Amino acid sequence: MPLELDIRSFAIRGCLLEEDIVTGSADAIRVIFVGLFGRFAQAGERRSFSFLLVQEFNLAMERVLSPVANFMKAFPNAAVDASIQYMASIRKATRDMRAVNRSRPAADLLRDLIRIHLENTAVAACSSYMRFLLRCQPHKSAGALVRQTRRFLKSVPPGDPFRIIFSLLLRRNVNRAEAGILENLGTIQIHHGSAGSNMVARYFASLHTRSASDLFVAGQMALDCARHFGAITELTEFIAELEAALPDHRDELIRERAVQGRLPTFGHPEIAAAARTNRIEIDPRAAIYLYPLFESLDSGKLSVSETRMKRVAIAQRMYQIAFFEGIEKPGRSGRLRIAPNTDFGSWIVQEVLGIDEMDRTLLSYVFRGFGWMMDVREQLQQPIIRPVIPPDPNIVPASVSERIIPNVVVSVHNRLCAPDAFAAARI
């Protein structure tokens, strides 16, 4: 019996749709601009806005390299959230704290928010790369960390902060296919109006936090909570448990977790993503992340190592059991089906590309931070805390006749239901 899916969708400011991102007509810069200003950029505005982001990111890199190197030398296994919080403390101790409130000129506040967020992303990406350097050579000095990171940065094409971050995370100059896959993943995540981290940003704006820096630290802390993006960490741990189990026992472990409601990256506390019928609500973002990954595999632009192939094959089997096959429980009618959430696709993409397990919520932070800026600007103009009902019917987007997103979901679903979904290329 076929599955009937209710596919969730979203739009930004009523004029930019999910489909625009999937088809490539809206990249990260376009989405950020629309979210911040509620309209598409006019002639020259995109170029000016892009230049602002590049300029602030480059200046941030120069400011943070030395202090981050000293921190990582002292704490070589520190996660990126610790480095962000460390540098945020230095920022508060050495600079005037600038509040978030309605009395500040909007342009001045926005420039401050952009500066702080891009400094945080520079800190996080550099600390991740320096952790990698120290794993290779534990006795490397802080000065050597700075010099080697600078050399690496010079090897990456300038002018695109996102590509620089991707390269630092992958420890290599990313190719066009890798950059496209990661930007697609991040762009889809830029804004989610009712997510926990977005709500934290709104509350801090409503309370007129005395430091704009605190707003980003608090949002990052919320992002890493177990019921937010913590599922990515839980999936990593569960995959390791399944790897250690006998292959014949893995399906049983997956079913046990699913019945207990503890299968990482499946289901959602806020979404009706489980059912005992063949109709179920599904978040399309996991499929949207995986679609360009499969395209790159099939075209030979990307390959997967045997080790990573085995790990993503286990995640694929989780999908087949929990969502496609469903789970029978004695005394209950119908099969329990649990839909994957956004973290399922995000984990697979980052596993295939080789992003360190400790860094798999960082991409979400990099892009979601711009969404928090959108929330802050909106909250100061119209205090609504949790945006459930649009304040004006005119911002509700018109219905979309194309089947772009449904086709993506079906394509990825069929791929995951077939054997060896990731076997298009091996190295």
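Any read-out appearing in this document is the output of simple, stated calculations on the displayed coordinates, not a laboratory observation. Being a predicted model, the structure only gives us computed values, none of them experimental. Cβ atoms come from the backbone with ideal geometry, glycine included; neighbour counts cover every protein chain shown.
Under a Cβ-only charge scheme (Lys and Arg +1, Asp and Glu -1), can you give me the dipole magnitude of the range 283-351 about the Cα centre, in debye to the nearest 20?
Charge dipole of the range 283-351: 260 debye, to the nearest 20.
Could you put F422, F294 in order, starting from the residue whose Cβ has the fewest other Cβ atoms within 10 Å?
If I rank by nearby Cβ atoms, fewest first, I get F294, F422.
Using the alpha carbons of the range 121-199, what is the convex hull volume per residue in cubic angstrom, as a whole number?
112
In what sequence, highest mean first, do 206-219, 137-150, 117-130, 231-244 appear when ranked by Cβ atoms within 10 angstrom?
117-130, 206-219, 231-244, 137-150
Would you order L336, L169 from fewest to most other beta-carbon atoms within 10 Å of each residue's own beta-carbon?
L336, L169
Of A78, M358, I348, which is farthest on the positive side of the dipole of the chain, counting Cα position, with +1 on Lys and Arg Cβ, -1 on Asp and Glu Cβ, and the Cα centre as origin?
Working it through, the farthest residue towards the positive pole turns out to be A78.
From the phi angles alone, apply the Karplus equation (6.51, -1.76, 1.60; θ = phi - 60°) to the range 367-376 and give each ³J(HN,Hα) in whole Hz, x where the residue is Gly or Pro.
8, 5, x, 5, x, 5, 4, 4, 5, 4
Just going by the charge dipole of the range 153-239, with Lys and Arg at +1 and Asp and Glu at -1 on Cβ, which of T209, T233, M221 is farthest out on the positive end?
Checked the options; the winner is T209.
If you average the alpha carbon positions of the range 309-378 and of the range 128-196, how far apart do those two centres end up, in angstrom?
Distance between centres, Cα-based: 22 Å.
So which aspartates and glutamates can K301 reach, going by Cα to Cα under 12 Å and dropping same-chain residues fewer than 8 places off?
E178
Which of the three applies to the range 1-67, rounded, prolate or oblate, going by the alpha-carbon gyration tensor with a ≥ b ≥ c and a/c under 1.5 meaning rounded?
The shape class here is oblate.
Which distance in nm do the two modelled labels at F324 and K92 give, with both placed 7 Å along the Cα-to-Cβ direction?
Between F324 and K92, the label points sit 4.9 nm apart.
How much length is gained on full extension from D251 to R210, taking 0.36 nm per residue of separation minus their Cα-Cα distance?
9.6 nm
Pop out the ³J(HN,Hα) list for the range 139-148 in order, Karplus 6.51 cos²θ - 1.76 cosθ + 1.60 with θ = phi - 60°, rounded to Hz; leave Gly and Pro as x.
8, 4, 7, 4, x, 5, 4, 5, 5, 5
Dipole magnitude of the chain about its Cα centre, charges +1 at Lys/Arg Cβ and -1 at Asp/Glu Cβ only, in debye to the nearest 20?
The calculation lands at about 1160 debye.
Evaluate the distance, in nm, between pseudo-label points positioned 7 Å from the Cα of C15 and of D108 along their respective Cα→Cβ axes.
Going from the C15 label point to the D108 one covers 2.8 nm.
Can you classify the range 169-321 as rounded, prolate or oblate using the Cα gyration tensor, where a ≥ b ≥ c are the square roots of its eigenvalues, rounded means a/c under 1.5, and otherwise it's prolate if a/b beats b/c and oblate if not?
oblate
So how far apart, in nm, are the two label points at F51 and I404 if each is 7 Å from Cα heading toward Cβ?
Computed distance between label sites F51 and I404 equals 3.0 nm.
Spelling out what I want: for every residue of the range 252-267, take phi, set θ = phi - 60°, compute 6.51 cos²θ - 1.76 cosθ + 1.60 (Karplus), and round to whole Hz; glycine and proline get x.
Once θ is set to phi - 60°, the couplings for the range 252-267 become 5, 5, 5, 5, 4, 5, 5, 5, 7, x, 10, 8, x, 6, 10, x Hz.
Answer rounded, prolate or oblate for the range 240-376, using the Cα gyration tensor with square roots of eigenvalues a ≥ b ≥ c: rounded when a/c is under 1.5, else prolate when a/b is larger than b/c, else oblate.
Oblate shape, in that a/c is at least 1.5 and b/c is the bigger or equal ratio.
Take the alpha carbon atoms of the chain, find their radius of gyration, then divide it by 2.2 N^0.38 Å using N residues; give the quotient.
Taking N as the residue count of the chain, the ratio is 0.99.
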